[in-house]
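Asker: Pasting a structure here, questions to come.
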Amino acid sequence: MTIGQPDSTVAAAPRPRGAYSGGAPGRSKVPEVTALFWVVKILTTGMGETASDYLGRTLGPIPAGALGFTGFAVLLLAQFRSARYRAGVYWSAIVMVSVFGTMAADVVHVIAGIPYAVSAAAFAVALAVLLAAWYACEGTLAIHSVRTRRREAFYWATVLTTFALGTAVGDLTAGTLHLGYLPSGLLFGALILVPALAGRFAGLNAVAAFWAAYVLTRPLGASFADWMGVSAARGGLDCGTGPVTLALTVPLVLLIGYLAVTGRDAPADAPGTAPGEPVPAAAAR
């Protein structure tokens, strides 16, 4: 079991009470977990962090929040309405979850005045409750078992909560604990190796390893993006949140375009594919 294959064991034999609940089973709309999955995911976390900060400072928190929520709602609706996995739709939704998740965590701290330690703990509890409810209803947390509406709703609620949690944890280490952005990024870079190594060498359940790593991608990408964007007085490179957002958007768009054209991350149940066979480009579009 590896982080790259989180569903191989658990998805094979889900508990009967969770079988195909919430509607007739359809195709998986979640990409295969490959090395490119993690690269694109980390890019979305960094880009979402700086884009949120840039919009908040340029438009103000309320207009930025309204824009972020609108983009999040529109693209999530497009993802739910899609009949199969489409790289452009899926990853665009992830980008907007990143932007809106950052805004949600920042609102809790900046506007409500709740310390990052408290909000991080609250988001962690919310994530644990959500995962427990998902497992109780469906009997599996494997992402490639997401083939019904109810499982898809659990999946995206979990994804949004991981982004909010990761944002709060990253700001907690960089600000409240005074580690700074670069040391925080290096810390999370080391921590994300733990579930990977534990899954490979210590027998950690592959699904648990996946979700642990997934949570850590958020503070990892956001810490490095903040380090590049903030002023030298705050320990950063002073590149500015706008330029950093643009610099991260370019490779992100190119990689998503590559995945959409080649179908390299298309799920195994894409039309015309079989386990171990390459996925035709047309099947992913």
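The values are calculated or read from the model by the stated rules, or taken from the named source; none is laboratory data. Worth saying up front: this structure is predicted, and the values here are computed from it rather than measured. Methodologically, a virtual Cβ is constructed for each residue, glycine included, from the backbone with ideal geometry; neighbour enumeration extends over all protein chains shown. SASA here: full protein model, heavy atoms, side chains in, ligands and nucleic acids out. Shrake-Rupley method; radii C 1.70, N 1.55, O 1.52, S 1.80 Å.
Asker: On a 1.4 Å probe surface of the protein chains, which of Trp227, Trp156 comes out largest in accessible area, and what is the full order?
Answerer: Result of the area sort, largest leading: Trp227, Trp156.
Asker: Set the Förster radius R0 to 22 Å, insert the Cβ-Cβ distance between Ala78 and Leu254 as r into 1/(1 + (r/R0)^6), and round the FRET efficiency to 0.05.
Answerer: Once the sixth-power term is evaluated, E becomes 0.55.
Asker: Another question, if that's okay. Just to check I understand the Karplus step: with θ = phi - 60° and J = 6.51 cos²θ - 1.76 cosθ + 1.60, what whole-Hz values come out for segment 190-197, glycine and proline as x?
Answerer: Karplus values, whole Hz, x for Gly and Pro: 6, 5, 5, 6, 4, x, 5, 6.
Asker: Describe numerically, in nm with one decimal, the distance between label points set 7 Å from Cα along Cα→Cβ at Arg200 and at Leu59.
Answerer: Result for the modelled spin labels: 4.2 nm.
Asker: Over segment 86-141, average the accessible area per residue using a 1.4 Å probe and give it in Å², no decimals.
Answerer: I get 38 Å² per residue for this part.
Asker: With a 1.4 Å probe and every protein chain left in place, tell me how much accessible area Tyr135 has, in Å² to the nearest 10.
Answerer: 90 Å²
Asker: Residue by residue, what Karplus-based ³J(HN,Hα) values in Hz, rounded to whole numbers, does segment 109-122 have, using 6.51, -1.76 and 1.60 with θ = phi - 60° and x for Gly and Pro?
Answerer: Per-residue couplings from phi come out as 8, 6, 8, 7, x, 7, x, 4, 4, 6, 5, 4, 5, 5 Hz.
Asker: Right, next: If you take the beta carbon distance between Cys137 and Ser231 as r and set R0 to 51 Å, what does 1/(1 + (r/R0)^6) give as a FRET efficiency, to the nearest 0.05?
Answerer: That pair, Cys137 with Ser231, gives E of 0.65.
Asker: Using only the Cα atoms of segment 219-272, build the gyration tensor, take square roots of its eigenvalues as a ≥ b ≥ c, and label the shape rounded, prolate or oblate: rounded if a/c is under 1.5, else prolate if a/b is larger than b/c, else oblate.
Answerer: Prolate.
Asker: How much of the accessible area of segment 181-269, in percent, comes from carbon and sulfur atoms when a 1.4 Å probe is used?
Answerer: With neighbouring chains kept in place, the figure for segment 181-269 is 76 percent.
Asker: How much FRET efficiency would the formula 1/(1 + (r/R0)^6) give for Val110 and Thr262, where r is the Cβ-Cβ distance and R0 is 35 Å, rounded to 0.05?
Answerer: That pair, Val110 with Thr262, gives E of 0.25.
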